[in-house]
1. Applying the selection to the stretch 214-227, what residues are outside any helix (DSSP H, G or I) and surrounded by fewer than 20 Cβ atoms within 10 Å (Cβ to Cβ)?
2. From Arg93, Arg124, which residue is in the same structural domain as Lys182 (by TED's automatic domain parsing) and within 16 Å of ligand 2 (Cβ to nearest atom)?
3. Please state which one of Leu245, Leu230 is closer than 16 Å to Phe17 by Cα and either under 18 Å from the mean Cα position of the chain (by Cα) or buried (at least 21 other Cβ atoms within 10 Å of the Cβ) (or both).
4. Filter the stretch 16-32 down to the residues that are surrounded by fewer than 11 Cβ atoms within 10 Å (Cβ to Cβ) and more than 16 Å from ligand 2 (Cβ to nearest atom), then identify the one that is nearest to Gly250 (Cα to Cα).
5. Which members of the stretch 38-61 meet the condition of being open to solvent by less than 40 Å² (accessible area, probe 1.4 Å), more than 8 Å from ligand 1 (Cβ to nearest atom) and hydrophobic (A, V, I, L, M, F, W, C)?
6. Taking the stretch 194-207 on its own, how many of its residues are crowded, with 17+ Cβ neighbours inside 10 Å, of a type outside the set (Phe, Trp, Tyr) and either over 15 Å from the mean Cα position of the chain (by Cα) or in a helix (DSSP H, G or I) (or both)?
7. Residue by residue through the stretch 363-381, note down the ones that are modelled with pLDDT of 95 or more and either outside any strand (DSSP E or B) or assigned by TED's automatic domain parsing to the domain that holds Ile209 (or both).
8. Among the listed residues Met35, Met13, identify the single one that is at pLDDT 95 or above and surrounded by 14 or more Cβ atoms within 10 Å (Cβ to Cβ).
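The values are calculated or read from the model by the stated rules, or taken from the named source; none is laboratory data. Just so it is clear, the structure is predicted and the values come from calculations on it, not from any experiment. Every residue, glycine among them, receives a Cβ derived from its backbone with ideal geometry; neighbour counts consider all protein chains shown. For the accessible areas, the whole protein counts, side chains as well, though only heavy atoms, and no ligand, DNA or RNA atoms are used. Shrake-Rupley method; radii C 1.70, N 1.55, O 1.52, S 1.80 Å.
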Amino acid sequence: MPGTDAQAHGGKMKNPFHLKPLPLSVPFCDREKEMSDLMRYAGNFTNVVLSSPRRYGKTSLIKRVQDNLAKHGTLTIYIDYFGISSIDEFSARFAGAVYSVVYKEKSLFEKAAKVFTSLRPIMRPDPETGMAFTVEVAKSKPGGQLLEETLKGFGEFLKSGKISCNVTFDEFQEITELKESKFIEGTLRSYMQDHQNVSYFFVGSRRRILMDMFNDKKRPFYKSAINYVLPALPVEDTAKYLAGLFCANGKNCPLPVAAGIHTLTEGYPYYIQKLSYFIFEASKGTVTEASLHDGFQQMLLEETPLFELMLQALRPRQIALLHAIAKEATKAPFATAYLTRHRLGSLGGVQAAIKKLPEMDYLEKTSAGWKVVDPIFAHWLRQKEAME
Ligand SMILES: Nc1ncnc2c1ncn2[C@@H]1O[C@H](COP(=O)(O)OP(=O)(O)OP(=O)(O)O)[C@@H](O)[C@H]1O
Ligand SMILES: [Mg+2]
């Protein structure tokens, strides 16, 4: 990331835009309805699958929802399963998240330690949460026994204190990478339905994989949670939010220009922040249409290595199909005229490519037809093709 900030502008104005999940302390754009819906579901102990494309604000939103729930007396447990590499780690991260929430309350901490007998907590100070816990597997258990014990123990923990609780599994689709994933799904589902006074939120961005877990009749999680899709941010709120942040940090961004940021990014939260970040860096007093377009080009340049990497993971046929759909979204990618127009080769090749790309969340099928999920990636693909 280019040099943040402030010094470049006289040491006073700090760039207010964020490229990471938003800390609780900074302004948040909209999501009022989503906040209240999710609060209500948690209050009803309803399970929810929260999905969206990557970097749409799921984690930022969930952190706020949990913060609010905690203020209303709910015990909120947040577990990120990103990069999970073994079934025991599932239990260890689970218990670690419980410990890190209850450690301040002696009686709850003791209850947790009593039910997670095989999982010993190791504390270390954490700047964000005060204290972080990793968990050591104290007694090695065969196969999935540790998971069963952990989930059974958690049920007892919930019962013992009549605690109302929300458990959020972030990047939940990652468990499908484990060889024991079927067992985890089945076990979790069977214990979950006996757990009282708790809502489980399953969050993820590999939507096809996550959706298949919950919408496939043959899978344990079938119909066990409400599907909740996080949409793009709305234009009016975004424009006000951005104009406000520019203004609070010493720059004037007229509302129509702020709305232009939304248009260029199609309301994609990560890109709204990123484009605004570059525009803030480059503009002097007032943000103009010209600085908006300069910022956009800079953002494309900055994203290029990542987009290149995304392409490197693909076969030539898949790349050709991505280029075609970026250029011309379509309801009929198999139509002969479309195949010919975009030189896509055989029907069979396209059929295979179109299977893989939604799994990776590069392409999605909407009521309007097939489109590239990430609008900036689509723009980059079009620009790249035009230059070749
Ligand atoms: N409501 C919002 N207002 C302003 N910016 C937001 C909002 N929601 C998300 N963002 C911005 O979008 C970016 C992505 O947010 P976040 O990491 O929460 O998304 P995510 O959906 O969890 O992403 P991933 O799929 O990578 O896990 C962050 O840079 C954040 O600043
Ligand atoms: Mg996230």
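1. Step one: filter the stretch 214-227 for residues outside any helix (DSSP H, G or I), giving 216-227.
The answer is Asp216, Lys217, Lys218, Arg219, Pro220, Tyr222, Lys223, Ser224, Ile226, Asn227.
2. Details: Arg124 fails: within 16 Å of ligand 2 (Cβ to nearest atom).
After applying the criteria, what remains is Arg93.
3. Numbers: Leu230 fails: closer than 16 Å to Phe17 by Cα.
Answer to the selection: Leu245.
4. Here the answer is Ser25.
5. Leu38, Ala42, Val48, Val49, Leu50
6. Residues meeting the conditions: 4.
7. Selection gives Val373, Asp374, Pro375, Ile376, Phe377, Ala378, His379, Trp380, Leu381.
8. Working: Met13 fails: at pLDDT 95 or above.
Just one listed residue meets the conditions, Met35.
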